[in-house]
Amino acid sequence: MAKRRYQDPEPFREGKFWWILYREDVFVNGKPDRKRKRCKLGPSDMLEAEAKRLAAEKLRPLNAPDNLATSAISFEEFVETIYMPQVTPLIAKSTYDRTRGVLDNYLLPAFGKERLRDLSSLKLQSYFSTLETSTGGKPLTFESRDKIRDVFSSALGYAHEHDMLQKNPLEIVKVPRPKRGRKRSKPYLTTAQFETLIALIPEPYATMVFVAIFTGLRVSELIGLKWNDVIRTEGLNENGETEDRYALSIDERCCRGDWGEPKSDASNATIGINRCVFERIHRLKILTVEVRAGHAVRKYKVVKSDAPDALVFQSVRTGQVMRDNNILVRFIKPAARKFGLDWVNWRCLRTSHATWLKKAGADVKDAQAQMRHSRASTTLDLYQQFIPESQHRVVDKLSTLRVN
């Protein structure tokens, strides 16, 4: 396509109206093209000076220096032919599913036919300022609306990085916060609740929950754990005596059949574990579970193979990779609901681990290393939760500071 030039066509009268002819960049079947357009300016009895002013207004966006030819593509065509095909191999399947859902349910219906160049910050701010309900009519939380903005910003940011937009218009767009404040702390399991919960979950899922809450592993890392990642070594204690030490090496994760490296560089690490975790994992090798099959009951070994490259947590029937959502819906949530804990999920177990570290008096940097976060602020602000009894103990101690 020829280089775009500055356009300044002369208005002309034809019939009862003033007209101009100009050329506009478009995308046809994924390829840039330039089409000749005819635009009506106003009635023929309008002064020529007024017609020229209207023509200049019409052509100003087309002549703007940031009006790239590639920005003529529609948002839907950009998403389907450029963004998703190129980004999909770079993201985890769970991230893909969330992104695809946001695009299909919110962004493509609202902006699919819009050209990239027409997605102004003002238009986008208007959309997010009035976005209050989901496609099903339910109120959207601030977190949900912020997620929609993140997906949108990622797509437009990709267009900007690849010279299809001069800038990302979402950079200055804000999502309105709720008018009423609410508690921001996330629920976590107490030790008593944990003991009750784990007694209601069958094996090997009870051991998965046990390992998750005592190590802080993400569920994708838990499912991807292999026997050669469960380590026992010898070291010297403070008295110079030899003692066993136990650890888990996290260098892979598996999310619903999609294998990949851990979430970040900090996540790819070896962490210390308690002896009870090591023993609980190896206990799986001697377990047999019963599964109902119609009127019959079948018995399966929990561990089909303990080869170094074999999975620690194997599908009961086939020994293949497990699916986190099946375990959550079929075993963990039903057990938690029996004593009123509807909020228990995999993330809750990781949050509980971080909070237990805090209750145990762990230093923030030690907790960060155990959680494998890139920044200590993530551990402190997002995972370690407020503990009321700790606050009360501190407040009670204030009375000892009084000067008699």
Highest-MSF residue in the chain out of T351, T81, T379 [GNM, Cα springs under 10 Å]: T81
Distance in nm between pseudo-label sites at S154 and A269 (7 Å out along the Cβ direction from Cα): 2.4 nm
Degrees separating the helix 142-161 axis from the principal Cα axis of the chain, which is the longest one: 60 degrees
3J(HN,Hα) from dihedral phi, region 275-284, Karplus parametrisation 6.51/-1.76/1.60, rounded to Hz, x for glycine, proline: 4, 5, 5, 4, 5, 5, 5, 6, 4, 4
Qualifying aspartates and glutamates (Cα of each under 17 Å from Cα of K174; at least 8 residues distant if same chain): E132, E143, D146, D150
Those GluC sites (Glu not before Pro) in region 96-153 that DSSP places in a loop and that have at most 11 other beta carbons within 10 Å: E132
Built amide H within the under 5 Å cut-off of Q385, gap 5+: T355
Between region 97-114 and region 243-260, the Cα center-to-center distance that results, in Å: 34 Å
For A269, residues with placed amide H under 5 Å, excluding near neighbours: I250
Note, ³J(HN,Hα) from phi for region 102-117, Karplus 6.51, -1.76, 1.60, rounded to Hz, x at Gly and Pro: 5, 4, 6, 8, 10, 7, 5, x, 8, 10, x, 8, 6, 6, 3, 5
Residue-by-residue Karplus 3J(HN,Hα) for region 251-258, coefficients 6.51, -1.76, 1.60, Hz, glycine and proline x: 9, 8, 9, 9, 10, 6, x, 9
Computed label-point distance, nm, for sites A49 and F339 using a 7 Å Cα→Cβ extension: 8.5 nm
For region 75-172: rounded, prolate or oblate by the Cα gyration tensor [a/c cutoff 1.5]: oblate
Cα-based reach from K16 at 23 Å (exclusive), listing lysines while leaving out same-chain residues under 8 positions away: K37, K40, K52, K58
Matching label, semi-axes √(5λ) of the Cα gyration tensor in Å computed from the structure shown, candidates [x] 57, 27, 21; [y] 48, 39, 17; [z] 33, 24, 19: [x]
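Can you give the longest run of the chain that contains no chymotrypsin sites (Phe, Trp or Tyr not before Pro) sitting in a DSSP loop with at most 12 other Cβ atoms inside 10 Å?
Formally, the longest exposed-site-free interval is 7-338.
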Using alpha-carbon coordinates, inclination of helix 205-215 to the longest axis of the chain, degrees: 80 degrees
Sparse-neighbourhood loop sites, GluC sites (Glu not before Pro) in region 234-303 - DSSP loop, at most 15 other Cβ within 10 angstrom: E238, E241
Candidates K338, K304, K16: whichever shows maximal mean-square fluctuation once the chain is modelled as a Gaussian network with Cα springs under 10 Å: K16
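If you put +1 on each Lys and Arg Cβ and -1 on each Asp and Glu Cβ, how big is the dipole of region 204-311 around its Cα centre, in Debye rounded to 20? Can you show the working numbers first?
Working: 16 positive and 16 negative charges, 178 e Å.
I would put it at about 860 debye.
Taking 27 Å as the cut-off for C-alpha to C-alpha distance, list the pairs among K186/K304; K123/K179; K186/K359 that go past it. Write down the numbers at each step before the final one.
Numbers: K186/K304 37 Å; K123/K179 23 Å; K186/K359 16 Å.
In this structure, K186/K304 lie more than 27 Å apart at Cα.
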Using alpha-carbon coordinates, inclination of helix 48-63 to the longest axis of the chain, degrees: 30 degrees
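Rounded to the nearest 500, what is the 222 nm mean residue ellipticity of the chain from helices alone, with -39500 (n - 2.57) per DSSP H run of 4+ residues and division by all residues?
Values: 16 runs with 143 residues, N = 404.
Estimated from H runs of four or more residues: -10000 deg cm²/dmol.
Throughout, read-outs are computed from the coordinates displayed, never taken from laboratory work. These numbers come from a predicted model, not from an experiment. Every residue, glycine as well, gets a Cβ built from its backbone with ideal geometry; the counts of neighbours run over all protein chains shown.
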